[in-house]
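Note sheet for the following structure.
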Amino acid sequence: MLLTNLTAATLQGGYGLVADAAILIEDGRIAWVGRRADAPGGAATDCGGMLVTPGLVDCHTHLVYGGNRANEFEQRLTGVSYAEIARAGGGIAATVRATRNEPEAALVVSALRRLDCLLAEGVTTVEIKSGYGLDRDTEVKMLAVARKLGQARPVDVVTSYLGAHALPPEFRDNRAAYLDLVCDEVIPLVAGAKLADAVDAFCEGIAFSVDETRRVFAAAKAHGLPVKLHAEQLSNLGGAKLAASFKALSADHIEYLDQDGVDAMAAAGTVAVLLPGAFYYLREKQLPPLAALRQARVPVAIATDLNPGSSPVHSLLATMNMACVLFGLTPEEALMGVTANAARALGLRDRGQIAPGMKADLALWAAERPGDLAYPLGLNPLRAVIRNGELARGSLS
Ligand code: DI6
Ligand code: FE
């Protein structure tokens with residue numbers, strides 16, 4: 001397939017713009033990209049001047065879950081805090097109860113509705129975490145649902161086991177026994193069954209300590225799984241530094257990250273994943289240290305964090321806009337954050353750029369320039385998606 005009459009944002013070193021571009025696709029991969037005038041011959045598909053980018057990558061979601069927490073959104077707006085709701089048995093614990101009670105088929109149906117919102121905006125790779133089951137069987141159920149989503153839709157699903165998300169109520173008086181379950185039983189199981197591609201944890205005062213997280217990471221490494229971490233979201237515990245010491249793929253949230261943490265991430269090649277949706281919903285004030293991350297050349301990705309509590313955000317385009325308006329990213333950084341750097345945050349070196357040898361996952365937009373993607377809110381300029389070299393959505397003309 002030879003695509004012509006495109007403006008290509010290749011994401012090679014920034015936007016990597018090629019005007020009047022052509023792209024040759026062979027066997028599901030990009031075979032060639034460049035100026036149309038230099039393109040190889042053969043039958044061409046005229047794309048009518050559309051903008052083409054790599055397919056988008058949402059590298060941090062919790063989109064498989066049971067129930068609904070709109071009631072908590074209403075409560076918070078009458079002055080009850082996120083922490084008070086959690087102490088009263090709501091919050092993550094409420095979603096855990098609902099997720100345990102829902103059959104797998106029902107979880108697939110509700111998750112597909114959320115996933116379809118992302119796909120409608122050009123997402124071709126999505127990461128999905130467990131962490132709302134906490135017991136072995138419900139965690140396995142969540143990861144199995146995530147795998148099924150990838151068979152039901154034209155999207156690559158990458159999974160993370162997030163057993164260390166919250167302490168389940170049945171272990172209230174025995175934290176060590178819960179970590180035994182996570183490390184000695186569930187990690188070996190989900191690694192062996194290839195249900196999880198990575199292991200995540202929530203390192204925070206209200207969740208797990210640095211020492212507890214270290215134990216989880218050691219078990220992950222022992223079973224050959226890479227790690228990533230919810231770190232420095234509400235306070236600075238030094239989680240990102242620990243993550244970097246395990247060569248983590250990413251440290252996520254990181255509003256409270258300090259210079260020590262930035263330097264450790266830079267040295268380890270750990271990606272900074274910013275989640276402006278959670279910052280927005282929780283009306284946080286502490287901004288992530290963007291200047292220090294830029295200075296240290298830490299790659300920055302952004303993601304929806306789609307979850308029922310702190311970030312019921314179903315739009316990666318809106319997330320790009322929030323990253324610009326709330327965190328001060330440039331539209332170019334925002335686009336890098338949902339393509340090249342998001343792929344890197346998942347350890348995937350075969351996507352996120354339009355370059356020879358890369359997977360032919362492309363999003364085509366009715367837009368003149370790549371800066372148009374982060375600029376509006378609520379406008380979806382997507383016209384077509386190509387996945388593995390085949391048209392998966394929309395039309396090319
Ligand atoms: N950090 C978050 O913001 C979410 N999980 C996490 O570790 C919150 C998830 C929820 O409130 O359900
Ligand atoms: Fe999260």
| If you bin every alpha carbon distance in segment 176-232 into 10 Å steps from zero, what whole percent lands in each bin? | 25, 58, 17, 0
| query | Got a sec? Which residues in segment 346-368 would a label at Arg35 touch, if it sits 7 Å along Cα→Cβ and we count backbone N under 20 Å? | reply | 354-356
| query | For segment 56-345, what % of the accessible area comes from carbon and sulfur atoms, probe 1.4 Å? | reply | 54 percent
| query | Between Ala43 and Tyr375, what FRET efficiency follows from the Cβ-Cβ distance if R0 is 35 Å, with the result rounded to 0.05? | reply | 0.50
| message | So for the chain, if I pair up every lysine 8 or more residues apart or on another chain, how many of those pairs have alpha-carbons under 21 Å apart? | response | 15
| note | When the charge dipole of the chain is computed with +1 at the Cβ of Lys and Arg and -1 at the Cβ of Asp and Glu, the Cα pointing farthest to the positive end, of Leu275, Ala94, Leu112, is that of Leu112
| query | Could you state the number of Å between the C-alpha centres of segment 59-89 and segment 169-232? | reply | 23 Å
| query | Based on Cα positions only, what radius of gyration and what Dmax would you give for the chain, in angstroms? | reply | 20.7, 70
| message | Given axes a ≥ b ≥ c from the Cα gyration tensor, I'd like to know whether segment 66-146 is rounded (a/c under 1.5), prolate (a/b larger than b/c) or oblate. | response | oblate
| query | With the dipole of the chain worked out from charges on the C-beta (+1 for Lys and Arg, -1 for Asp and Glu) around the Cα centre, which of Leu257, Leu377, Leu242 lies farthest toward the positive end? | reply | Leu377
| Once the other residues with Cβ under 11 Å from the Cβ of Met358 are scored (Lys, Arg +1; Asp, Glu -1), what is the net sum? | +2
| Shape category assigned to segment 168-208 from the gyration tensor of Cα positions, a/c cut at 1.5 | oblate
| note | Amide H neighbours of Ala166 at under 5 Å, excluding residues fewer than 5 places away on the same chain, with H built from the backbone geometry, are none
| Charges only on Cβ, +1 for Lys and Arg, -1 for Asp and Glu: so what's the dipole of the chain about the Cα centre, in debye to the nearest 20? | 280 debye
| message | Run the simple label-point estimate for Leu282 and Ser235 please: 7 Å along Cα→C-beta, distance reported in nm. | response | 1.2 nm
| Looking at the square roots a ≥ b ≥ c of the eigenvalues of the Cα gyration tensor of segment 18-105, which shape do they give, rounded for a/c under 1.5, prolate if a/b is larger than b/c, or oblate? | prolate
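The values are calculated or read from the model by the stated rules, or taken from the named source; none is laboratory data. This is a predicted model, so every value here is computed, not measured. As a convention, Cβ positions derive from the backbone with ideal geometry for all residues, glycine included, and neighbour counts pool all protein chains shown. Please note that ligands, DNA and RNA were not included when accessible areas were found on the heavy atoms of the full protein model with its side chains. Shrake-Rupley method; radii C 1.70, N 1.55, O 1.52, S 1.80 Å.
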